[in-house]
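The values are calculated or read from the model by the stated rules, or taken from the named source; none is laboratory data. Just so it is clear, the model here is predicted, and its values are computed rather than measured. Glycine also receives a Cβ, built like all others from the backbone with ideal geometry; neighbour counts cover every protein chain displayed. Only protein heavy atoms, including side chains, enter the accessible area calculation; ligands, DNA and RNA are left aside. Shrake-Rupley method; radii C 1.70, N 1.55, O 1.52, S 1.80 Å.
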Amino acid sequence: MTGALCNVRVEVANRPESVVLVREVLRGLSESVGLRESDFDDLRTAVTEACNNVVLHAYDGGEGPLRVEFYVLASAIEVLVRDLGRGIRPRIEVKEGLPQIGLQIIHALARRVQFEDCDGHGTELRMEFGIRPKRPLRMVSGNSQTPPALEAPGGMIITLAPADLARTVLPRLLSTLAAQAHFSTDRIADVRLLADALAARVPRSLLDDRLSILPTVQPREMELRVGPLRDSGSQRILRDSAIEGLGPVIEPLIDEHAELQAGGARVLSLRLLDRR
């Protein structure tokens, strides 16, 4: 991109519901940085068109990974959309006499658009938007590589840097996942409370200023793994969620929790069920 650290990375399967998830993460990011509604609309439209292209074309009707990265700069926002299939189609095509205008829209909305073939392993679409955030993000040092313990080959992973992006991203992300898990309205409300509690407490227990979330969603069941955590990070998150007069907030909202360790990093696993 520009040498900047990726602020938000979403790695999901190329399913239609994944496009909804990416849009909700983008909405949370836009709230954090104070985008105007018109700028958000442009970003959402272009990102949606790019992701839909991957869903429809990259894997010939099959399933594969979709990666979306957001970079918030002082006077621009850059987005990378990548697949590992036969690639996003950069040319305007005609199907049944009708032009496929999705990529025309991207060119109209973005200040710069670049396609790059990844040595026969998919395509990267890079988009730059002349959007100046009202609230620039805090700089995060280091690289944007995900710790080995938080890699999810073929799975879903969302990484936020700085970690306090969780305040606006996590409630939207977890609510969307709960809806996709067919949770009841009451259980989705519980998930939103959990998201707020995690957003307030997890960043203080991380190894650095990056938060990774690995969700696994099944009908009426959802597991979240968050980290990488410092020593005793899991216990601190659960303990610090206590509110005077009410006791712990997180534990009553979940069904199971555990601290896992892999690759030298600790991860808090939270399991939620809808037992209706």
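Pick from 24, 49: which is assigned to a helix (DSSP H, G or I), acidic (Asp, Glu) and modelled with pLDDT under 95? From the options 24, 49, the qualifying one is 49. Out of 190, 208, which single residue is within 20 Å of residue 235 (Cβ to Cβ) and surrounded by fewer than 22 Cβ atoms within 10 Å (Cβ to Cβ)? Within the list 190, 208, the selection yields 208. Among the residues of region 7-21, those that are open to solvent by less than 10 Å² (accessible area, probe 1.4 Å) and closer than 21 Å to residue 136 by Cα comprise 8, 10.
Of 43, 84, 56, 109, all but one fail to be modelled with pLDDT of 80 or more, within 21 Å of the chain's Cα centre (by Cα) and over 19 Å from residue 21 (Cα atoms); the exception is 84.
Criterion first (touching a Leu at 6+ places or on another chain (Cβ under 6 Å), charged (D, E, K, R) and either free of Cβ contacts under 8 Å to residues at least 24 places away in the same chain or under 23 Å from residue 195 (Cα atoms) (or both)) does residue 31 satisfy it? In short, no. Each residue in region 155-186 was checked for being open to solvent by 30 Å² or more (accessible area, probe 1.4 Å) and more than 18 Å from residue 269 (Cα to Cα), and 8 of them qualify. Taking the conditions exactly as written (open to solvent by less than 40 Å² (accessible area, probe 1.4 Å), under 19 Å from the mean Cα position of the chain (by Cα) and either more than 27 Å from residue 261 (Cβ to Cβ) or not hydrophobic (A, V, I, L, M, F, W, C) (or both)), does residue 216 satisfy them or not? Spelling it out, it is not the case that residue 216 is open to solvent by less than 40 Å² (accessible area, probe 1.4 Å), under 19 Å from the mean Cα position of the chain (by Cα) and either more than 27 Å from residue 261 (Cβ to Cβ) or not hydrophobic (A, V, I, L, M, F, W, C) (or both).
For region 124-133, filtering for residues that are in a loop (DSSP other than H, G, I, E, B) and either over 20 Å from residue 47 (Cβ atoms) or open to solvent by less than 20 Å² (accessible area, probe 1.4 Å) (or both) leaves 2. Selection over region 34-79 of residues that are hydroxyl-bearing (Ser, Thr, Tyr) and free of Cβ contacts under 8 Å to residues at least 40 places away in the same chain gives a count of 2.
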